[in-house]
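The values are calculated or read from the model by the stated rules, or taken from the named source; none is laboratory data. Small disclaimer: the values here were computed from a predicted structure and weren't measured. As a convention, Cβ positions derive from the backbone with ideal geometry for all residues, glycine included, and neighbour counts pool all protein chains shown.
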Amino acid sequence: MLATHTAANDGIERSYLTPEHARTNWTVGEWMAEAGLIPWQDAAGNQRGTYAGQTADAPVLLLGSHLDTVPGAGRYDGILGTLMAIAVVGRLAARGERLPFAIDVLGFADEEGTRFGRTLLGSCAVAGTWDESWWGLRDVQGVTLRDAFVAFGLDPARVGEAALDPRDVVGYLEAHIEQGPLLQDADKALGVVSGIMGARRFELTMVGEAGHAGGVPYGRRRDALLGAAEVAVAVEALARDAGAVGTVGRMQAYPGAQNVIPGRAEFSLDLRAETDALRDRVWLDIEEKALKSAAERRLDFLVDEKHQAKATVVGARLAAAVEAGIRTTGDDAPLTLLSKAGHDAMAIADLCDYAMLFIRCKDGISHHKDEDVRADDVALALDAFEAAVLEARKRHGLTGAH
Ligand code: GLV
Ligand code: MN
Ligand code: MN
């Protein structure tokens, strides 16, 4: 059993350091062992599997994706890429083929940030960029990351042991569903990623004054929800006009009663763009608009930035290996796409070069229970991913460093 189902929309939810996380690691570990990998869980709760290279001191090629999900998730985001990595190693193992590098398959434990708001925790641990300030992050129940770590059976003092040394790493390859419609629109099963948009995530709050929904005249109201709603509408316009993407995914009014003017409104903002400069410029525009709305409505506007990930570009030689892999499946002109979704590769980019293979998903639907892929596309993707790994062997000599 790899999932619990959320009451809200009956999708899947597996979040960091939960019983579902533990069960998933266990099951994926069994699949790794069946494929010929040596399974183990690292000091940050990532599920890993090692396939030795031709020599004991061979460097390591990383393959994988994440095992956690958003709430109400579908069946493919993240886990498909991890299973594909296992399957590719399974093919090598079945042939008894060893490469000049070892392979470390990674099932990252927290890419989505569902539980603690800060994303990419698992891959940051592997990249050696874990930040000690994260221990105080709390989930909605108030449980700190530190306490959840201990309850899961992990030792906060040892999280550094999950990190790899860049000198030992050849690179990182990740397969993932596209989470957008471009491959489908181009009538292609597979694509090669050029880079990943930079993202920032905020918890924003408007503070006004609660009051009687009938008695308080409009001129005296300090309605926090209306201020937040104005910002949410402005986010769409400002981001769209600038060529960025902004989403208010959650909004909560307090005290949350039908006959009470909202005295407080909390809302999230997810902001992405191809370059960090563009993303940051749009944030300044949004902030200016929010301050203006707050002033007009006599509200206070509070900003809590939860997450920031810089835009990254793929390593040219690894991306060429992925492109060559796609060509082996009969596509002579692979489509190149910029990823608007975040991926573990963004964090791993601090450790080594990365490249990604995208797989067509139905109507671009993702972060939704109706996420879907075609079995024949996945079959092609497996062939392409295996070919990319073998191509990386030809190009062995790639360094881990940028
Ligand atoms: C991860 O799926 C993201 O939010 O981009
Ligand atoms: Mn996702
Ligand atoms: Mn994902």
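Taken as a whole, the stretch 318-338 holds at least one residue that is more than 17 Å from Asp187 (Cβ to Cβ), more than 16 Å from ligand 1 (Cβ to nearest atom) and in contact with a Pro (Cβ under 6 Å, 6 or more places away or on another chain). Residue under question is Asp131, and the condition is that it be within 14 Å of ligand 1 (Cβ to nearest atom) and at pLDDT 95 or above; does it hold? No: the conditions fail for Asp131. Annotation: of all residues in the stretch 326-356 being more than 21 Å from Val170 (Cβ to Cβ) and among the hydrophobic types (A, V, I, L, M, F, W, C), the one that is nearest to the chain's Cα centre (by Cα) is Ala341. Which of the residues belonging to the stretch 169-186 are crowded, with 24+ Cβ neighbours inside 10 Å, among the hydrophobic types (A, V, I, L, M, F, W, C) and away from ligand 1 (no atom under 16 Å from the Cβ)? Matches in the stretch 169-186: Val169, Val170, Leu173. Test Ala186 against the criterion of being in contact (Cβ under 8 Å) with a residue 12 or more places away in the chain, within 26 Å of Arg360 (Cα to Cα), in contact with a strand residue (DSSP E or B) (Cβ under 7 Å, 6 or more places away or on another chain) and within 16 Å of ligand 2 (Cβ to nearest atom), and give yes or no. Criteria not met by Ala186.
When only residues in the stretch 187-225 that are part of a helix (DSSP H, G or I) and within 40 Å of the chain's Cα centre (by Cα) count, which is surrounded by the most Cβ atoms within 10 Å (Cβ to Cβ)? Taking the candidates together, the pick is Ala224. Within the set Leu83, Leu67, Leu92, the sole residue that is more than 16 Å from ligand 2 (Cβ to nearest atom) and either crowded, with 17+ Cβ neighbours inside 10 Å or among the charged types (D, E, K, R) (or both) turns out to be Leu92. Of the candidates Phe116, Phe202, the single residue that is touching a residue at least 24 places away in the same chain (Cβ under 8 Å), away from ligand 2 (no atom under 16 Å from the Cβ), aromatic (Phe, Trp, Tyr) and out of contact with any Phe, Trp or Tyr (no Cβ under 6 Å at 6 or more places or on another chain) is Phe202. When the stretch 340-382 is filtered for residues that are away from ligand 3 (no atom under 13 Å from the Cβ), under 19 Å from Asp185 (Cβ atoms), touching a strand residue (DSSP E or B) at 6+ places or on another chain (Cβ under 8 Å) and small (Gly, Ala, Ser), only Ala381 remains. Of the residues Glu132, Glu111, Glu97, the single one that is in contact (Cβ under 8 Å) with a residue 60 or more places away in the chain and either over 18 Å from Asn25 (Cα atoms) or within 16 Å of ligand 2 (Cβ to nearest atom) (or both) is Glu111. Within the stretch 344-398, the residues that satisfy the criterion of being buried (at least 24 other Cβ atoms within 10 Å of the Cβ) and within 15 Å of ligand 1 (Cβ to nearest atom) are Asp344, Ala345, Met346, Ala347, Ile348, Ala349, Met356, Phe358, Ile359, Cys361.
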